[in-house]
Amino acid sequence: MKKILLTAGALLAWTSCAVAGAGGQTVAIPVEDYKAILERLDTLQKRVDQMEKAESPSGKVTAAAMPSKLAKDVETIYDTLDKVETKTLKDRINLGAELRTRADFFKLKNDANFGGAGSVEHNDNHWTNRFRLNLDSEIRKNLLFTGRITAYKNFANSDNNRFTNDSNAAHLPGDSGLKLDRAYVDWIPEGMPIPLALTFGRHPSSEGPPSELKENRLRQSTYPSLLFDGEADGVVATVGLERYLGWKNSGIRFAWGKAYQDTNTAVSYMDNSGGMYDDTNIYAMFFETEIPGVRDSLLVLSALQASNLNGDPTYLYSTTNTAKVDIGDMTMYGIHAQANNLMDSGFDIFLSTGINKTDPSGQVITVAGSPGGAYDNTYGLMNTGANTDKHSGWAVHAGLRYNIPYKPWNNPKIGFEYNHGSEHWFSFTWGSAELFNKLAVRGDVYDFYYIQPFNDNLFGRLGYTHADYSHGMSGMHMGTPGDSSSELDNLYFLLDVRF
């Protein structure tokens, strides 16, 4: 028994005030808890000493001779130590998890890939599971870590998704493998003459405003989702402006990231000697603030330049080994305005607009061997053949959500969103949380949903989406968009648990 109590005391002392290796990290518990546990140990030790004076004939204390209260007290000590060890772990990193199960029922009409005019394609039983593990840690007062790992899969997945890439691997359903969704550090240097924060790693660049309304959660991303919605690696510098402008939460961000990096799989530190393709770099600037005089609001002005966009023949069903090439640059500008619970009305509203301009390089990719030869051609930046025309596109995304003040039903929500994209509209939204890239549609999208919270951890969402594609190849930066009469209808239901 002495051995047990001494071991418990040693574990307690180590857990309470241990130094973690060379890093010198101190892990502490409240002084009151520490003193209370020591007092319990002292009391138990005295009781053990008394029992040893009244030993059994064999010289040992038998289990039958041990008072039941003492056994319970020993159990309590171990339970307390378990809690202390758990708290020590949580002091270093916080863990959370999410699980979403979703069922979709699609109907696609007049699509060129499924029979053309008059064709109807159904998928009446499409099920997916999405698991997320969320991590965060306050490493130091001015050094914060945030991460998220995702497994997103189709039920009984058997096929690969052609459009999966590094910007959307955690946001497109596939197999059961884990994907790194985000992992970044916020560093706020001390002693700077201006408020400054540096963010580096895999950015919080997916599911940005206003996605949080439909997702029934707090804001998840730096960038408005109409222009950029996906996973990205890079560096962001944020300068706080509130003290200079007097506008709440105002600041300006300068961002750099890579959308494509050409590497040699044999020699990781060298460019690919077989291709020597240019990397696709993205440079962006964002100014954001709370709208003066409007509580719980957001205004974001965005400018983005993507240089050396990569042409990839595999996206156009090529069966050849045609090389990737730099097909040009893209410039984008956007405005996003949002207000939650506007004038205490229960309505959350938003409006996003964006424009894009192309600057083709003149280089093209050759696509051959596609089904039926439908894509046998050469393609550049929003051009077909040898054309090098520059194009401009635009889009608008607007919507509202009403918070129904009915407590017996846990205050459900109902929402509607609409977006329109022009013939040459393009945005970097490959990582959309939806099963199709709705904000890239060249045409009109109508989106209705109802959110039913069951408790603080579980909610359901019933939704219906209708998309009219006035032009084809939505979401693609290669080829001339042709006229389209495709229509998509999707009815879905999901359950989402967060804990």
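The single condition among (1) at pLDDT below 80; (2) surrounded by 13 or more Cβ atoms within 10 Å (Cβ to Cβ); (3) of a type outside the set (K, R) that A284 does not meet is (1). All of (1) at pLDDT 95 or above; (2) surrounded by fewer than 17 Cβ atoms within 10 Å (Cβ to Cβ); (3) not in a strand (DSSP E or B) hold for P209 with one exception: (2). Whenever a residue of region 117-142 is in contact (Cβ under 8 Å) with a residue 60 or more places away in the chain and over 30 Å from E190 (Cβ atoms), its partners that are among the charged types (D, E, K, R) and surrounded by 12 or more Cβ atoms within 10 Å (Cβ to Cβ), lying with C-beta atoms within less than 7 angstrom and at least six residues away or across chains, give the pairs H126/D104; T128/R102; T128/K153.
Conditions tested, residue by residue: (1) farther than 20 Å from A303 by Cα; (2) charged (D, E, K, R); (3) more than 15 Å from the chain's Cα centre (by Cα).
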| site | (1), (2), (3) |
| --- | --- |
| N168 | yes, no, no |
| S176 | yes, no, yes |
| G201 | yes, no, no |
| E207 | no, yes, no |
| N216 | yes, no, no |
| P224 | no, no, no |
| A232 | no, no, no |
| A237 | no, no, yes |
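Scanning region 426-448 for residues that are surrounded by fewer than 21 Cβ atoms within 10 Å (Cβ to Cβ) and either touching a Leu at 6+ places or on another chain (Cβ under 6 Å) or modelled with pLDDT of 95 or more (or both) returns D444, Y446, D447, F448. Please determine whether any residue of region 175-197 is surrounded by 20 or more Cβ atoms within 10 Å (Cβ to Cβ) and on the phi > 0 side of the Ramachandran plot. The answer is no, given that none of the residues of region 175-197 is surrounded by 20 or more Cβ atoms within 10 Å (Cβ to Cβ) and on the phi > 0 side of the Ramachandran plot. Does K214 satisfy being farther than 24 Å from Q261 by Cβ, of a type outside the set (S, T, Y), in the same structural domain as F428 (by TED's automatic domain parsing) and assigned to a strand (DSSP E or B)? No; evaluated as a whole, the condition is false for this residue. Say whether the condition of being at pLDDT 95 or above and outside any loop (DSSP other than H, G, I, E, B) is met by at least one residue in region 361-384. No: region 361-384 contains no residue that is at pLDDT 95 or above and outside any loop (DSSP other than H, G, I, E, B).
Every residue, every condition in (1) assigned to a loop (DSSP other than H, G, I, E, B); (2) on the phi > 0 side of the Ramachandran plot, yes or no:
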site	(1), (2)
W430	yes, no
Y446	no, no
G475	yes, yes
T480	yes, no
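Here W394 clears all of (1) at pLDDT 95 or above; (2) touching an Asp or Glu at 6+ places or on another chain (Cβ under 9 Å) except the condition numbered (2). Considering only residues in region 118-142 that are farther than 29 Å from F493 by Cα and in a loop (DSSP other than H, G, I, E, B), the one that is modelled with the highest pLDDT turns out to be N142.
Tell me whether region 410-425 contains one or more residues that are buried (at least 18 other Cβ atoms within 10 Å of the Cβ), among the hydrophobic types (A, V, I, L, M, F, W, C), in the same structural domain as A232 (by TED's automatic domain parsing) and on the phi > 0 side of the Ramachandran plot. No, region 410-425 contains no residue that is buried (at least 18 other Cβ atoms within 10 Å of the Cβ), among the hydrophobic types (A, V, I, L, M, F, W, C), in the same structural domain as A232 (by TED's automatic domain parsing) and on the phi > 0 side of the Ramachandran plot. Filter region 287-302 down to the residues that are in a strand (DSSP E or B) and within 17 Å of E212 (Cβ to Cβ) and list them by number. Within region 287-302, E288, S297, L298, L299, V300 meet the criteria. Could you check, for region 360-379, whether at least one of its residues is in contact with a His (Cβ under 7 Å, 6 or more places away or on another chain) and either within 16 Å of G472 (Cα to Cα) or surrounded by 17 or more Cβ atoms within 10 Å (Cβ to Cβ) (or both)? Checked region 360-379: no residue is in contact with a His (Cβ under 7 Å, 6 or more places away or on another chain) and either within 16 Å of G472 (Cα to Cα) or surrounded by 17 or more Cβ atoms within 10 Å (Cβ to Cβ) (or both). Filtered by the rule that a residue be of a type in the set (V, I, T) and assigned to a strand (DSSP E or B), region 403-428 gives a lone residue, I414. Among residues that are at positive phi, of a type in the set (S, T, N, Q) and surrounded by 13 or more Cβ atoms within 10 Å (Cβ to Cβ), N157 is not included.
The values are calculated or read from the model by the stated rules, or taken from the named source; none is laboratory data. On a predicted model such as this, the values are computed, not experimentally measured, just so you know. Using ideal geometry, Cβ is built from the backbone for each residue, glycine included, and neighbour counts are taken over all protein chains shown.
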